[in-house]
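Computed from the coordinates by the stated procedures, all read-outs in this text should not be read as laboratory data. The shown structure was predicted, so the numbers you read here are calculated from the model rather than taken from an experiment. Backbone-built Cβ (ideal geometry, glycine too); neighbour counts: all protein chains shown.
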Amino acid sequence: MVSNEVVSIPGHTPQVCGWVSFQGIQATCVGYAVDNMDDVIFLYTAGTQQVLRSLWASLAGNSALEINQTLIRFKREASYLRFEQPLAMSRLYSLTLLHPQASLLQMQPGQECFYLLSESQEQVPLPLFYPMLNRALALPLAPEWTDYLWKVGTRVRFKRRDETGDDEDDEVMVREQRAIVPLKTQGCGGWRVLTATDYWMNVIEHGLLHGQIK
């Protein structure tokens with residue numbers, strides 16, 4: 001998909017974080033986020049239009065691009081959003097690729113996960129987390145639960161009762177994996193959020209039962 005609409009790019013004032021390349025073709029890399037198996041979730045590059053379109057064609061043809069010794073590939077089943085724009089006062093262009101599950105407008109319920117992007121890995125995108133989780137799940141959620149859902153989703157271990165207690169053995173719940181895990185990123189922050197209904201139903205029931213949410 002190609003769009004001429006203005007794109008809101010996660011990240012601070014653009015800073016070069018390396019080169020994105022394929023068989024000698026290079027463009028400047030401003031930011032990226034990749035998931036397991038090096039699947040690209042977000043890529044922001046700049047260069048000549050011919051170079052950018054060559055790199056796009058390589059990705060679309062299932063080739064791997066390289067950024068600072070990190071290989072990136074397309075998720076084959078995803079229809080990526082592609083934004084190409086000329087850069088002012090130059091002959092260069094910017095190219096942004098975005099996985100549809102990283103877009104609140106494009107994401108589809110019923111997928112195994114969605115992705116969150118932010119300005120940095122230290123900046124948690126809570127205002128975006130709630131509406132995306134609410135859209136992904138066929139469960140009743142309340143905005144005031146956002147902090148609790150994020151806190152529990154990033155843990156594999158937490159107390160069933162009063163979390164402020166000092167008793168380390170007080171009914172601890174342990175999960176096999178976190179529902180929210182960081183992506184590998186440069187120039188931005190990123191997280192994968194699993195959308196298993198049973199998991200989040202358990203989290204909500206736990207919070208209601210123990211008075212952590214109402």
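Going from the residue with the fewest nearby Cβ atoms within 10 Å to the one with the most, ARG53, ARG178, ARG192, ARG76 rank ARG76, ARG53, ARG178, ARG192. Between TYR199 and LYS75, what FRET efficiency follows from the Cβ-Cβ distance if R0 is 25 Å, with the result rounded to 0.05? Computed FRET efficiency for TYR199 and LYS75: 0.70. Footprinting exposure proxy ranking of HIS210, HIS99, fewest other C-beta atoms within 10 angstrom first, gives HIS210, HIS99. The GluC sites (Glu not before Pro) of the range 73-164 that meet both conditions, a loop assignment by DSSP and at most 15 other Cβ atoms within 10 Å of the site Cβ, are GLU77, GLU112, GLU119, GLU122, GLU163.
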